[in-house]
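The values are calculated or read from the model by the stated rules, or taken from the named source; none is laboratory data. Keep in mind the model is a prediction, meaning the values are calculated, not measured. Neighbour counts are summed over all protein chains in view; Cβ atoms, including those assigned to glycine, are modelled from backbone coordinates with ideal geometry. Quick note on the areas: whole protein, heavy atoms, side chains included, nothing else; ligands and nucleic acids left out. Shrake-Rupley method; radii C 1.70, N 1.55, O 1.52, S 1.80 Å.
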Amino acid sequence: MNYAVAALYQFVALPDFRDLREPLRELCAARGLKGTILLAAEGINGTIAGEATPLHDLIDQLQHGPLFGGRLDNLELKFSTAHAMPFQRLKIRLKKEIVTLGDPATDPTRQVGTYVDPAAWNELIAAPDVVLLDTRNRFEVAMGTFTGAVDPEIDSFGQFKDFVSQNLDPTRDRKIAMFCTGGIRCEKASSYLLARGFTEVYHLKGGILKYLETTPQADSRWRGECFVFDEREALGHGLTERAKEPRS
């Protein structure tokens, strides 16, 4: 059977995030779902998998059920499939940040850059005055990226601040377009740049996964595969799984 996989996140004030952990675990476990969901005061982030009907029921509960009380009305979602269950167990974790940048002044619930739909992305990044910036780790970039993108050569997202301070200047780099796997890192990075004087900051809505899902391969500016943080390892256009090496 195929399993349904949902990658989700939203920056939203969750001052009661500690109290949400066990009820959320119960919602997932009751539906036989596995994966990892992070909760923090700034929001929710995770990837979860299982049979399609229970998974979609969980999403409905997150968006409309009583647990979050309507606060997840802007949940960013990407759906894909897996030939085998891509997670071994269910983990609901409490964190200081749902994606770790390590800058307390950065607040995506207050300001973020301009979202760009995948359909408009190619035109934006073709402009000669746009700095196209991959916000992912170096091993992810090595697997695949957009043509012409700058690789920050970082090992963790927390090092993005150092890259910015050493390589970007708001008086010179007027337009910056950023992307990441599902949108969460570049959304937080856009908030960080805006707080430091950059004025035209764009980020790919839904991330690489949404682009690969919706953009015909013939029109694509993406080269290679997109690393994903589960046992599928990488996805290609149409969110197809990487072919597994036969076992000897």
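Taking interchain pairs and intrachain pairs at least six residues apart, which have beta carbon atoms under 8 angstrom, with the first residue in segment 5-21 and β-branched (Val, Ile, Thr) and the second open to solvent by 50 Å² or more (accessible area, probe 1.4 Å)?
Cβ pairs passing all conditions: Val5/Phe79; Val5/Thr81; Val12/Arg71; Val12/Asn74; Val12/Thr109.
Only one of Glu200, Glu225, Glu233, Glu187 is charged (D, E, K, R) and closer than 14 Å to Ser80 by Cα. Can you tell me which?
Working: Glu200 fails: closer than 14 Å to Ser80 by Cα; Glu225 fails: closer than 14 Å to Ser80 by Cα; Glu187 fails: closer than 14 Å to Ser80 by Cα.
One residue alone meets the criteria, Glu233.
In segment 122-149, how many are in a helix (DSSP H, G or I), touching a Lys or Arg at 6+ places or on another chain (Cβ under 8 Å) and β-branched (Val, Ile, Thr)?
The total comes to 1.
Of the numbered conditions (1) within 17 Å of Thr81 (Cα to Cα); (2) part of a strand (DSSP E or B); (3) touching a helix residue (DSSP H, G or I) at 6+ places or on another chain (Cβ under 7 Å); (4) not aliphatic (A, V, I, L, M), Thr36 satisfies every one except a single condition; which is it?
(3)
Mind counting the residues in segment 188-232 that are part of a helix (DSSP H, G or I), in contact (Cβ under 8 Å) with a residue 40 or more places away in the chain and open to solvent by 10 Å² or more (accessible area, probe 1.4 Å)?
Of the residues in that region, 7 qualify.
Out of all the residues in segment 85-105, is one or more open to solvent by less than 20 Å² (accessible area, probe 1.4 Å) and among the charged types (D, E, K, R)?
Checking segment 85-105: not a single residue is open to solvent by less than 20 Å² (accessible area, probe 1.4 Å) and among the charged types (D, E, K, R).
Take the conditions farther than 22 Å from Asp107 by Cα and open to solvent by less than 50 Å² (accessible area, probe 1.4 Å) and apply them to Leu39. Does it pass?
Working: farther than 22 Å from Asp107 by Cα: no; open to solvent by less than 50 Å² (accessible area, probe 1.4 Å): yes.
No, not satisfied.
Given the options Thr100, Thr147, Thr114, name the one that is of a type outside the set (Asp, Glu) and over 21 Å from Ile44 (Cα atoms).
Numbers: Thr100 fails: over 21 Å from Ile44 (Cα atoms); Thr114 fails: over 21 Å from Ile44 (Cα atoms).
None of the other options fit; the residue is Thr147.
When residues of segment 93-114 are filtered for being assigned to a loop (DSSP other than H, G, I, E, B), of a type in the set (A, V, I, L, M), at pLDDT 95 or above and more than 17 Å from the chain's Cα centre (by Cα), how many remain? Reasoning before the result, please.
To start, the set of residues in segment 93-114 that are assigned to a loop (DSSP other than H, G, I, E, B) comprises 95-113.
Adding the requirement that they be of a type in the set (A, V, I, L, M) leaves 98-99, 101, 105, 112.
Subset that is at pLDDT 95 or above: 98-99, 101, 112.
Okay, now just the ones that are also more than 17 Å from the chain's Cα centre (by Cα), so none.
Number of matching residues: 0.
Just checking, does segment 119-127 include any residue being surrounded by fewer than 19 Cβ atoms within 10 Å (Cβ to Cβ) and touching a Phe, Trp or Tyr at 6+ places or on another chain (Cβ under 7 Å)?
Start the filter on segment 119-127 by keeping residues that are surrounded by fewer than 19 Cβ atoms within 10 Å (Cβ to Cβ), which leaves 119-120, 122-124, 126-127.
Subsequent filtering for residues that are touching a Phe, Trp or Tyr at 6+ places or on another chain (Cβ under 7 Å) retains 124.
Taking every residue of segment 119-127 in turn, at least one turns out to be surrounded by fewer than 19 Cβ atoms within 10 Å (Cβ to Cβ) and touching a Phe, Trp or Tyr at 6+ places or on another chain (Cβ under 7 Å).
Suppose we filter segment 10-33 for residues that are under 18 Å from Pro66 (Cα atoms) and either part of a strand (DSSP E or B) or touching a Ser or Thr at 6+ places or on another chain (Cβ under 8 Å) (or both); how many remain?
Within segment 10-33, residues that are under 18 Å from Pro66 (Cα atoms) and either part of a strand (DSSP E or B) or touching a Ser or Thr at 6+ places or on another chain (Cβ under 8 Å) (or both) number 3.
This table checks each residue for (1) free of Cβ contacts under 8 Å to residues at least 60 places away in the same chain; (2) closer than 22 Å to Glu187 by Cα; (3) among the basic types (Lys, Arg).
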| position | (1), (2), (3) |
| --- | --- |
| Ala40 | yes, yes, no |
| Thr53 | yes, no, no |
| Ala84 | no, no, no |
| Gly102 | yes, yes, no |
| Val112 | no, yes, no |
| Leu133 | yes, yes, no |
| Val141 | yes, yes, no |
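Looking at (1) assigned to a loop (DSSP other than H, G, I, E, B); (2) open to solvent by 70 Å² or more (accessible area, probe 1.4 Å), which is the one condition that is false for Pro152?
(2)
Please work out if Ala52 is farther than 21 Å from Leu209 by Cβ and open to solvent by 30 Å² or more (accessible area, probe 1.4 Å). Step through it out loud before you land on a result.
Values: farther than 21 Å from Leu209 by Cβ: no; open to solvent by 30 Å² or more (accessible area, probe 1.4 Å): yes.
For Ala52, the condition - farther than 21 Å from Leu209 by Cβ and open to solvent by 30 Å² or more (accessible area, probe 1.4 Å) - is not met.
Can you name the residue in segment 68-82 that is open to solvent by 40 Å² or more (accessible area, probe 1.4 Å) and touching a residue at least 40 places away in the same chain (Cβ under 8 Å) and, of all such residues, is farthest from Ser165 (Cα to Cα)?
Going residue by residue through segment 68-82, those that are open to solvent by 40 Å² or more (accessible area, probe 1.4 Å) are 69, 71, 73-74, 79, 81.
From what's left, touching a residue at least 40 places away in the same chain (Cβ under 8 Å): 71, 74, 79, 81.
On the way: Arg71: 34, Asn74: 31, Phe79: 35, Thr81: 39 Å.
The qualifying residue farthest from Ser165 (Cα to Cα) is Thr81.
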